[in-house]
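Right, one structure below, let's go through it.
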Amino acid sequence: PTPAVCGDSPIDALDFIRQFETKASFDRGYYTGPIGYIGTDSTDIFVAIRSALITNYNNDFVDEKNVVVKRPQSKVSIFAGAGIVKGSTVQGEWTETSHKLGVMSSIFPPSPVTLQIASIPNVAWSTAFIEELVRCGVTQFYICPGSRNTPLTAAIYKSTRSNTGVVRAISVHDERGAGFRALGYSRQNGRPAAIVTSSGTAVANLYPSVVESSSDGVPLLVITADRPYENRDNGSNQSVDQVKIFSSTYVRWFRDIPPPSDDVPVSLALSDANHAVTLANQLAGPVHLN
């Protein structure tokens with residue numbers, strides 16, 4: 001609590017910390033990083049709620065499985081906090097903290113590590129694709145879970161954790177219901193929500209909401225997982241022809257995004273995501289990304 005540092009009731013705040021945080025084995029560490037001086041005629045104190053720790057490593061180490069772990073020469077850890085006051089909410093404070101971390105991390109060059117450490121290319125592409133949608137203003141996702149759209153689902157839930165209170169995801173087992181829930185959100189807020197489904201007949205269940213989105217001029221983003229090209233039209237399980245499955249009479253734009261490949265830059269998928277959101281808003285209707 002803020003009073004523990006410089007508020008009106010430090011004794012009460014410290015009692016609160018001892019009572020609730022100690023029992024939970026929560027190590028608050030240093031409350032802040034005060035820097036400054038107190039003199040006879042003047043005082044200048046700076047209390048930091050953002051700080052960084054630089055750790056230098058001299059060598060690698062062996063973990064509990066006797067595996068040699070390579071460590072970088074140095075690592076920068078960035079910390080940020082928020083002042084908790086009356087009326088504070090978990091989502092609001094977490095979002096504020098994320099903004100503070102973003103300001104500090106912006107001084108570092110973008111790192112490719114997040115995509116390179118992905119277990120499979122689909123995970124890397126899905127992560128980048130969803131983050132691009134979020135940057136373009138798509139923050140509400142309705143997910144119809146299935147094995148084929150798992151990389152997209154995992155990327156969305158990762159985004160909800162890194163953008164707490166901003167990005168929201170709701171799991172809906174019925175695709176038709178998910179379509180109309182997304183349509184209602186888009187109609188109310190004037191910007192597209194996204195529906196994410198698996199492949200096969202799940203896609204066809206979105207047709208009613210796509211038609212209504214088009215007829216009423218409501219922006220909507222339809223994202224459907226599909227089989228890779230080599231597994232189409234050969235009787236594969238849970239597959240139908242999803243290419244332009246929705247009539248061009250209703251859909252403002254369709255894009256069959258190619259699967260990850262060394263020959264195709266990830267920027268292609270990001271450009272498609274950006275363009276899809278732009279058209280859904282400008283042309284006021286549904287856009288389909290397969």
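The values are calculated or read from the model by the stated rules, or taken from the named source; none is laboratory data. The shown structure was predicted, so the numbers you read here are calculated from the model rather than taken from an experiment. Glycine gets a Cβ as well: all are built from the backbone with ideal geometry, and neighbour counts include every protein chain shown. Accessible surface is based on the protein model in full, side chains and every heavy atom, while ligands, DNA and RNA are left aside. Shrake-Rupley method; radii C 1.70, N 1.55, O 1.52, S 1.80 Å.
State whether one or more residues within the stretch 138-146 are in contact with a Leu (Cβ under 7 Å, 6 or more places away or on another chain) and either open to solvent by 30 Å² or more (accessible area, probe 1.4 Å) or not in a loop (DSSP other than H, G, I, E, B) (or both). No; the residues of the stretch 138-146 include none that is in contact with a Leu (Cβ under 7 Å, 6 or more places away or on another chain) and either open to solvent by 30 Å² or more (accessible area, probe 1.4 Å) or not in a loop (DSSP other than H, G, I, E, B) (or both).
Among the residues of the stretch 232-288, those that are of a type in the set (A, V, I, L, M), touching a helix residue (DSSP H, G or I) at 6+ places or on another chain (Cβ under 9 Å) and either open to solvent by 70 Å² or more (accessible area, probe 1.4 Å) or over 20 Å from Ile120 (Cβ atoms) (or both) comprise Val240, Ile245, Val251, Ala276, Val277, Ala280, Ala284, Val287. Residues that are touching a residue at least 40 places away in the same chain (Cβ under 8 Å) and within 25 Å of Trp94 (Cβ to Cβ) occur in the stretch 196-210; there is at least one.
Of all residues in the stretch 204-253, those that are among the hydrophobic types (A, V, I, L, M, F, W, C) and assigned to a helix (DSSP H, G or I) total 3. Residues that are among the polar types (S, T, N, Q) and out of contact with any strand residue (DSSP E or B) (no Cβ under 8 Å at 6 or more places or on another chain) were ranked within the stretch 212-231; the one that is surrounded by the most Cβ atoms within 10 Å (Cβ to Cβ) is Asn231. Only a single item in (1) in contact with a strand residue (DSSP E or B) (Cβ under 7 Å, 6 or more places away or on another chain); (2) modelled with pLDDT under 90; (3) among the hydroxyl-bearing types (Ser, Thr, Tyr); (4) closer than 16 Å to Asn290 by Cα is not met by Thr160, and it is number (4). Filtered by the rule that a residue be part of a helix (DSSP H, G or I) and buried (at least 22 other Cβ atoms within 10 Å of the Cβ), the stretch 187-203 gives Ala202, Val203.
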